[in-house]
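Trainee: Below is one structure. I have some questions about it.
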Amino acid sequence: MITSELPVLQDSSNESGAADGVGLSLNMSEMDEPEMKGKKKRGRPGKQPTTSKKPRKSPTDKAMVVSRGRGKANGVAQHNGDGGDPVTLFEVVKMGKSAMQSVVDDWIESYKQDRDLALLDLINFFIQCSGCKGTVRIEMFRNMQNAEIIRKMTEEFDEDSGDYPLTMPGPMWKKFRYNFCEFISVLIRQCQYSIIYDEYMMDTVISLLTGLSDSQVRAFRHTSTLAAMKLMTALVNVALNLSIHQDNTQRQYEAERNKMVGKRANEKLELLLQKRKELQENQDEIENMMNSIFKGIFVHRYRDAIAEIRAICIEEIGVWMKMYSDAFLNDSYLKYVGWTLHDRQGEVRLKCLKALQNLYTNRELFPKLELFTNRFKDRIVSMTLDKEYDVAVEAIRLVTLILQGSEDALSNEDCENVYHLVYSAHRPVAVAAGEFLHRKLFSRHDPQAEEALAKRRGRSSPNGNLIRMLVLFFLESELHEHAAYLVDSLWESSQELLKDWECMTELLLEEPVQGEEMLSDRQESALIELTVCTIRQAAEAHPPVGRGTGKRVLTAKERKTQIDDKNKLTEHFIMALPMLLSKYQADAEKVANLLQIPQFFDLDVYSAGRMEKHLDALLKQIRLVVEKHIETDVLEACSKTYSILCSEEYTIMNRVDIARSQLIDEMTDRFTHSMEELLQEGEEADDDDIYNVLSTLKRLTAFHNAHDLTRWDLFGNCYRLLKAGIEQGSMPEQIAVQALQCSHYSILWQLVKITEGLPSKYYNDYGDIIKETLSKTRQTDKILCAKTLILSLQQLFNELLQEQGPNLDRTSSHVSGIKELARRFALTFGLDQIKTREAVAMLHKDGIEFAFKYQSPRGPEFPPVNLAFLEVLSEFSSKLIRQDKKTVHSYLEKFMSESMSERREDVWLPLISYRNSLLTGGDEDHMSVTSGSSSKTGSVRSKKGRPPLHKRQESSVEGSWMLRNDTLQTPGALQTPQLTSTVLRENRPAEHMPDPDSEPGSENDYVHNPQMQMSWLGQQKMEEVSRKDRANMNYIKSRSNQGVRQTVRGLMEDDAEPIFEDVMMSSRGQLEDMNEEFEDTMVIDLPPSRNRRERAELRPDFFDSAAMIEDESVCVM
């Protein structure tokens, strides 16, 4: 029958508990202390006589009564009157500057002088450690019971913050928790020989902690429970010491009593009897204290509503059972841990498992754990699948400990539940399961029998049977695609076995022997796959893909191990791999796996170890494999192996390159010959002709993927095949697919050569500092950043004109370099075209003006001097939204004469290409920008309609961002533009008037008038609308009424986009004014358009004040 009663601590001759390293040293300060209060000592210093000992009262039945007094605590004067501010015990422990033993010794000294005042300091210490600002006064102790005092402290407790020392974050409070626990432990250790038996200190402390642990205030309950559990742990240590002393005294007494009468010392016997009696009395008192704590606090708090409090209780009971197993390791206490295994919080379940691990680690305790194991084993095994990974890991480790202690404790079903976890994606779980698998499968072999078998078979390693068991487990798990996971799971526990590549090779190469079972074909495939995975794990020294967060930095020791393993596997497989390929060259699956091994070699070993003959043997075997197989996996593995061996950094490159070239030559000749026969026979070609072409083309395609075979001109032959297939319609589909793929690789290799040949000298001039500066400028002012980019390109173009003259060679590397720089600049604008809309438009405007700035001195029939710059400017056309392309194109036409649009000579190609880049997609967009973007704010903005037309036009003029006169020109000498602070521009007074000498749209207006800065796109829109209106009116007058209606309908559809929707408001004030102006009119809820979702992802809400404010905030200096 399981009960919760604390057992009587009886004498025991079992001294196994002493192995826990319990300290038996005496406190010298207590040994020398005088008799307290004039009472006689009883065997121990400071102990009161017990000739007529009264029954002890329960600590909870006593009230704390403290008389007036003054003394010292912690070595500092303590005042409860009107004295100065004292340094409290709480502050000393919190600061942690003094050694804890000296702090406790100071408190003991103050207790000897005035125990009431010292206890008051200790009581306030527990109150303040709970975060309570209240203080217990002497008057409260004189007139109030424990419950009343705690109620008073509760009233003074400030629970608004919810934080208290044990829950506060930061290293200081983490250290405080440690100091708090250490203080209690040291206090009991230093008082264990006298003060704890005075029936005053311990009764007072236990009574206080019991009352606080039952409080509704979480801080009181949490702090007092932790203190009580640590107090209990310290008392268990004292009880263990007493038990050891009792055993020693009993043995001394028995030895003395068994002496002959003449040699027996009666005085010594009396002393030993007195000592044994005193120890028993002390044991009884300690037992009484522990019963009070266990029944008064633990039994209630192990099921507290707060998970952390429950975890504290379970953690400490585990310590008691391990420390004093004779008293606590029984079903009366184990049941609490077993019940808490079902706790709903992972933190508590984790404490249960760790407590049990400490018990199962000691094999001597297994007999006492047998009943518990039988009852709770199923729960522990099921916890290996816990939703909390930390809990699952500890559950697997506990199951492994149970397996080590008793193999019969776990059934086959229990073991299988753990086995499959080696394939878990969570690496700690898999590694723990790998340890279990190692203990179960690889720890029961007979080393002597294994060595005898290896010697009989001529093997150098005795691990043959263990490797066979691993292969069988892998096959039975039916997760063959996860061999890398299995190896990684076992890597930490079975690394010596997994690195035994000699044994693996011997198993694969050995010949059949009569009477012994050989590996089956399926087992050989599995062993090869596992071998390759172990090689990869050793060479790369990191988990496979899917396990872990990425490659971590290896320590020096790990790096050395990796290098040693790589050298070891290279030296072995350089010689063994050709033999393995020779044996299994007919098996595609095995060969494909084996050919992965060279990529993990240290290829310098070939030349350093003079092993070129083994390299030749490997190349010979790879060639045979290529000639024998047409499977894609095998051919790609061969191609990759050649690519690795041909690395220019190794001296073997020339030897491998010759072998590869010879192989390609033969395959190309064979392909050409078979292709000619196929084309000649046409529809009469038989299966052999088709197979010859297909097999050779497959091999060449696989090699072309990893090797540049351009010099063999495979593209021409593939083109002939495809052309014949199109013309005749009889080309087999497989040949057509391979020909297309081979042609694709040929084109890609050509593009690689072209890309690598492009100059990048201009972009290289832009280092990290300049790039970071551009980034910051773009955040501050996107338009200014765009003007900076176009200005830098113009300066480079001017320098090039000065070097080469007006007849610029547009195909030169210098022009290509400027275009490449422009392309990279264009990428800096990102994907959100709305945010960069104004900046990109301004960039195009400046570029157009620069291109047409100077007319040719030879006459108007020749292109402007800077016209070639339009070819550079076209790199930014993709960053314009469609409707802005039309606007920019209209602006371009202002600079073009009628003759220019008709010219088609080469010198006019920059203009033609730039116009085409603007016309692409420019006429296809009739969607409203705002209608798509406003869907982001759905319910808030869907009820706001569009403002009246006249207000839209006003908003267009006032809020536009680039309104400038057409006469504005880029400075001829390309000086750096004047940079104006955004703050200065925004904070200019409203009554600021432009210079009367400057005309509208001049540079002076751009610098000083924020409205003028943001008006160019709006002006172009308005002019375009005006032109359409004039043309439409003339058109309407010349048509019938029906034609008029159709025309008007068409024009309304073309102009459905309101003008102001293309205008970004320039300030928060304008936005607020617009919202107030349109608040009453914007009540129409339009249905979402067909492409609303797509446009909403790319375009922001122009009327979203949050977006506007965010965009402006980066401009504040």
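The values are calculated or read from the model by the stated rules, or taken from the named source; none is laboratory data. Everything quoted here is computed from the prediction, not taken from an experiment. Cβ placement follows ideal geometry from the backbone for every residue including glycine, while neighbour counts extend to all protein chains displayed. Areas reflect the complete protein model, heavy atoms only, side chains present, ligands, DNA and RNA absent. Shrake-Rupley method; radii C 1.70, N 1.55, O 1.52, S 1.80 Å.
Trainee: How big is the charge dipole of segment 781-919 about its Cα centre, in debye rounded to the nearest 20, if each Lys and Arg gets +1 on its Cβ and each Asp and Glu gets -1 on its Cβ?
Mentor: Numbers: 19 positive and 18 negative charges, 100 e Å.
The dipole magnitude comes to about 480 debye.
Trainee: Find the relative contact order for segment 553-645 and round it to a whole percent, using C-alpha pairs within less than 8 Å whose residues are 6+ positions apart. Mind showing how you got there, number by number?
Mentor: On the way: 65 pairs, mean separation 32.0, N = 93.
Result for segment 553-645 is 34 percent.
Trainee: Summing Lys, Arg as +1 and Asp, Glu as -1, what charge do residues with Cβ under 13 Å from the Cβ of THR340 carry, THR340 excluded?
Mentor: On the way: positive: ARG301, ARG303, ARG310, LYS335, ARG344, ARG349, LYS351, LYS354, ARG379; negative: ASP304, GLU315, GLU316, ASP343, GLU347.
Surrounding charge for THR340 is +4.
Trainee: Can you tally the net charge around LYS97? Count Lys and Arg as +1, Asp and Glu as -1, for every other residue whose Cβ sits under 12 Å from the Cβ of LYS97.
Mentor: Numbers: positive: LYS94, LYS175; negative: GLU91.
Around LYS97, the surrounding residues sum to +1.
Trainee: Take peptides 642-650, 146-154, 103-111 and line them up by average Cβ neighbours within 10 Å, highest first, as a rough protection proxy.
Mentor: Working: 642-650: 15.7, 146-154: 17.2, 103-111: 21.6.
Descending mean neighbour count gives 103-111, 146-154, 642-650.
Trainee: With every protein chain present, what accessible area does SER730 have (1.4 Å probe, heavy atoms only), rounded to the nearest 10 Å²?
Mentor: Only protein atoms counted, so the area is about 50 Å².
Trainee: Around ASP616, what is the net charge, scoring Lys/Arg as +1 and Asp/Glu as -1 over all other residues with Cβ under 12 Å from its Cβ?
Mentor: On the way: positive: LYS613, LYS620, ARG623, ARG655; negative: GLU612.
My count for the surroundings of ASP616 gives +3.
Trainee: Calculate the tail of P(r) for segment 84-144: the fraction of all Cα-Cα distances greater than 18 Å, expressed in %. If you can, show how the numbers build up before the last one.
Mentor: Values: 686 of 1830 pairs.
Percent of Cα pairs beyond 18 Å in segment 84-144: 37.
Trainee: Order of 430-436, 289-295, 719-725 by packing, highest average Cβ count within 10 Å first?
Mentor: Numbers: 430-436: 24.4, 289-295: 20.3, 719-725: 16.3.
Output ranking for 430-436, 289-295, 719-725: 430-436, 289-295, 719-725.
Trainee: Highest first, please rank the peptides 569-577, 604-612 by the mean number of other Cβ atoms sitting within 10 Å of their residues.
Mentor: Numbers: 569-577: 19.6, 604-612: 14.3.
The packing order, highest mean first, is 569-577, 604-612.
Trainee: Once you compute Rg and the Kirkwood Rh from C-alpha atoms, what is the Rg to Rh ratio for segment 553-645? If you can, show how the numbers build up before the last one.
Mentor: Details: Rg = 14.2 Å, Rh = 13.9 Å.
That ratio equals 1.02.
Trainee: If the limit is 32 Å between Cα atoms, which of LYS174/LYS368; LYS112/LYS175; LYS295/LYS440; LYS175/LYS351; LYS94/LYS354 go over it?
Mentor: On the way: LYS174/LYS368 36 Å; LYS112/LYS175 29 Å; LYS295/LYS440 42 Å; LYS175/LYS351 21 Å; LYS94/LYS354 29 Å.
Long pairs (Cα-Cα over 32 Å): LYS174/LYS368; LYS295/LYS440.
Trainee: Just to be sure I follow the rule: in segment 781-919, considering lysines 8 or more places apart or on different chains, how many pairs have Cα atoms under 14 Å apart?
Mentor: Total qualifying Lys-Lys pairs in segment 781-919 comes to 11.
Trainee: Compute the relative contact order of segment 704-830 as a whole-number percentage, counting only Cα pairs closer than 8 Å that sit 6 or more residues apart in sequence. Walk me through the intermediate numbers first.
Mentor: Values: 64 pairs, mean separation 31.4, N = 127.
With pairs under 8 Å counted, the relative contact order is 25 percent.
Trainee: Something else: If you take the Cα Rg of segment 651-753 and divide it by 2.2 N^0.38 Å, with N the number of residues, what do you get? Could you put the intermediate results ahead of the total?
Mentor: On the way: Rg = 14.2 Å, N = 103, 2.2 N^0.38 = 12.8 Å.
So the Cα radius of gyration is 1.11 times the expected 2.2 N^0.38 Å.
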